[in-house]
Amino acid sequence: MTIPLPLNAFDHGQAVAPKTAGRPLDRGRLVSLALTIAFHAVAIGALLAMVHVAPVRVLKEMTVHINLDKPKQDADVAPPPPTFVQPTAVTVPLPVVPPVAPAPVMVATPPPVAAPMPPPPAPAPKAESGQARQDFVARLLAQLNRFKQYPRAARQAHIQGVVMLHFVMDASGRVLTADIAKSSGRPILDQEALALIRRAQPLPPLPADYPTRTLDAVVPVEFSLNG
């Protein structure tokens, strides 16, 4: 560091001798002198701070280990070239796909044609059918009345009553079964009703248009002294 100073700062030849004690010193000059001394002190301290002392290096004992087992490989020797392995071809079998069966073809079958139904038989006129049945019932009752007998003992005792006679006959008029559906309360009259149906057969045959081939009937047999 260089600090500029006036040429006459340290000129002893031009130094002014101090005056007598009776005159006061110049204050400005004292301040300049003090600043000059301070600047020099700062410059000397900065120079001392820039000086470095080289450290003393102490050589330590060095130990060298020599490995005799395996010699060190020379770095300049090139490594052997890599060995390439020939690839092996692998044959992969193709997947077996099962054949797909074709979808069945739906053939529309025409509906069967129904055979024409034969015409139903013409029904018999109701008037004729009803008249034939009325004629049959009239003949049946007339047959029973023809063979009905009043027991003598019942007549003498003035015994009267009505017997409900039940019987079953076939299409030819033959009686299959007979019994008393409702008693008259007089056994002599009930027995005469059963004897009546046995004497009256064969009864009139059933009409040809009758819905069944047997007749299951209940007829009243009246025993009265008035008639």
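Taken together, the values in this text are just the output of simple stated rules run on the coordinates, not laboratory data. Keep in mind that this is a model prediction, so the values were computed, not measured. Positions of Cβ are generated from backbone atoms using ideal geometry, with glycine treated the same way; all protein chains shown enter the neighbour counts.
Observations, loosely collected:
- Any hit, segment 171-179, residues being closer than 16 Å to residue 223 by Cα and in contact with a helix residue (DSSP H, G or I) (Cβ under 7 Å, 6 or more places away or on another chain): no
- Residue count for segment 139-165, restricted to those that are surrounded by fewer than 16 Cβ atoms within 10 Å (Cβ to Cβ) and within 16 Å of residue 199 (Cα to Cα): 8
- Within segment 182-199, the set of residues being touching a strand residue (DSSP E or B) at 6+ places or on another chain (Cβ under 8 Å) and farther than 16 Å from residue 162 by Cβ comprises just one member, 198.
- So residue 136, is it aromatic (Phe, Trp, Tyr), surrounded by 12 or more Cβ atoms within 10 Å (Cβ to Cβ), part of a helix (DSSP H, G or I) and over 60 Å from the mean Cα position of the chain (by Cα): yes
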